[in-house]
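See below for the structure under consideration.
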């Protein structure tokens, strides 16, 4: 029981305490974690639903501001390390291009270049309730996003994607294999073209009310969201704490049921708790596109802490994974990478041993024993995520343990 309580406290740091518009210091976070209880009352379905919408729409405002308005391509030019991107628990496998799409004046068309095989490149469109409405690997040609139920002219030959709301989010990921490879990803970004009627500043005073007014809320969610129209920043913090307290069960299932469409067949997809927990990996993929295995504990279910050396072994060529894999470690205090330290291992910076595996050591000091060293900070909790792109959903990889 003591281990479980400690686990829920540590994981609560990962999932909660980072309210939008509220800045907290490392010392304040340490105080907050002592207040977390494993007996927190479960939020209502309305609060869980509002939590994800609130987070997503505040993110949209931030991203539109970074881009200089809606309907503008925002290209990131470096990997999202050390808090440089508002995406939570960011992958270090690719750079991003993002668009806060605005369909109020007409359709938005994006044209993608055809690229050579061997590089992962994808598009992912999320609606205002944080459901996936479209995803594709290796897009090419024109894709036009239109508002469902409205007549909008579409260029000839363009793939049509219907959005249930005025403000879908387009996320483009371009794989970066090594530091030297970055320039090749930049070149692809520059070939992406967007055509829209206009651009404007996105201002949202009430995320829930805005969504109800500008988005065709799914019938099964409409009454729930209407009951949460006054969901506040304080409510957001409260739900964050609860998600932290129940986090261990999501470590077992990964992203299953968290990111698919409203009618997804993934287990737990209709569970508001799972959908709310998805915010810790905000804008993640459905499991058919990528499987995320988050690990907060070692093979004995003990919380990962920097004071103890941990060793994990996993296959260099995992069975049933069509594209690629990666292992990224994060600070449980910041939910981001650790400044000045290596954070990523993948097939491009490792080699298999004689058994076809790689072994990663998480420790403060370099073990210098032939394993791959992932540095951690003494006395601080951390977690890592193993990502598998285009997995066999009927044979998902297991937890890497010795």
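The values are calculated or read from the model by the stated rules, or taken from the named source; none is laboratory data. Since the model is a prediction, treat every value here as computed from it, not as a measurement. Because the Cβ atoms are built from the backbone with ideal geometry, glycine has one as well, and the counts that use them run over all protein chains shown.
Restricting to segment 161-202, count the residues that are closer than 24 Å to residue 130 by Cα and free of Cβ contacts under 8 Å to residues at least 24 places away in the same chain. Within segment 161-202, residues that are closer than 24 Å to residue 130 by Cα and free of Cβ contacts under 8 Å to residues at least 24 places away in the same chain number 0. Considering the conditions (1) outside any loop (DSSP other than H, G, I, E, B); (2) crowded, with 18+ Cβ neighbours inside 10 Å; (3) modelled with pLDDT of 95 or more, residue 209 is excluded by exactly one of them, (2).
Applying the condition of being surrounded by fewer than 17 Cβ atoms within 10 Å (Cβ to Cβ) and over 14 Å from residue 189 (Cβ atoms) to segment 106-136 and asking which residue is modelled with the lowest pLDDT yields 117.
Restricting 254, 260, 281, 293 to those that are over 24 Å from residue 43 (Cα atoms) and crowded, with 18+ Cβ neighbours inside 10 Å reduces the list to 293.
Taking the condition of being surrounded by fewer than 19 Cβ atoms within 10 Å (Cβ to Cβ) and in contact with a strand residue (DSSP E or B) (Cβ under 7 Å, 6 or more places away or on another chain), how many residues in segment 145-157 meet it?
5
Filtering segment 81-109 to residues that are part of a loop (DSSP other than H, G, I, E, B) and under 17 Å from residue 285 (Cβ atoms) leaves 85, 87, 88, 89, 90, 91, 92, 93.
Mind listing just one residue for me: the one in segment 365-390 that is assigned to a loop (DSSP other than H, G, I, E, B) and in contact with a strand residue (DSSP E or B) (Cβ under 6 Å, 6 or more places away or on another chain) and, of those, surrounded by the most Cβ atoms within 10 Å (Cβ to Cβ)?
Quick first cut of segment 365-390, residues assigned to a loop (DSSP other than H, G, I, E, B) only: 365-371, 376-380, 390.
Next cut, in contact with a strand residue (DSSP E or B) (Cβ under 6 Å, 6 or more places away or on another chain) only: 366-367, 371, 376.
Working: 366: 10, 367: 14, 371: 18, 376: 25.
Top of the filtered list is 376.
Matching residues to (1) more than 23 Å from residue 392 (Cβ to Cβ); (2) within 21 Å of the chain's Cα centre (by Cα):
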position: 287; (1), (2): no, yes
position: 296; (1), (2): yes, yes
position: 303; (1), (2): yes, no
position: 307; (1), (2): yes, no
position: 314; (1), (2): no, no
position: 319; (1), (2): no, no
position: 324; (1), (2): no, yes
position: 330; (1), (2): yes, yes
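Counting the residues of segment 218-236 that are in contact (Cβ under 8 Å) with a residue 40 or more places away in the chain, out of contact with any helix residue (DSSP H, G or I) (no Cβ under 6 Å at 6 or more places or on another chain) and part of a loop (DSSP other than H, G, I, E, B) gives 1.
Just wondering, is there one or more residues in segment 237-244 that are touching a residue at least 40 places away in the same chain (Cβ under 8 Å), touching a strand residue (DSSP E or B) at 6+ places or on another chain (Cβ under 6 Å) and surrounded by 23 or more Cβ atoms within 10 Å (Cβ to Cβ)?
The answer is no, given that none of the residues of segment 237-244 is touching a residue at least 40 places away in the same chain (Cβ under 8 Å), touching a strand residue (DSSP E or B) at 6+ places or on another chain (Cβ under 6 Å) and surrounded by 23 or more Cβ atoms within 10 Å (Cβ to Cβ).
Which residue, of 179, 187, is exposed (fewer than 15 other Cβ atoms within 10 Å of the Cβ) and either in contact with a helix residue (DSSP H, G or I) (Cβ under 7 Å, 6 or more places away or on another chain) or within 19 Å of residue 114 (Cα to Cα) (or both)?
Working: 179 fails: either in contact with a helix residue (DSSP H, G or I) (Cβ under 7 Å, 6 or more places away or on another chain) or within 19 Å of residue 114 (Cα to Cα) (or both).
Selected residue: 187, the only one of 179, 187 that is exposed (fewer than 15 other Cβ atoms within 10 Å of the Cβ) and either in contact with a helix residue (DSSP H, G or I) (Cβ under 7 Å, 6 or more places away or on another chain) or within 19 Å of residue 114 (Cα to Cα) (or both).
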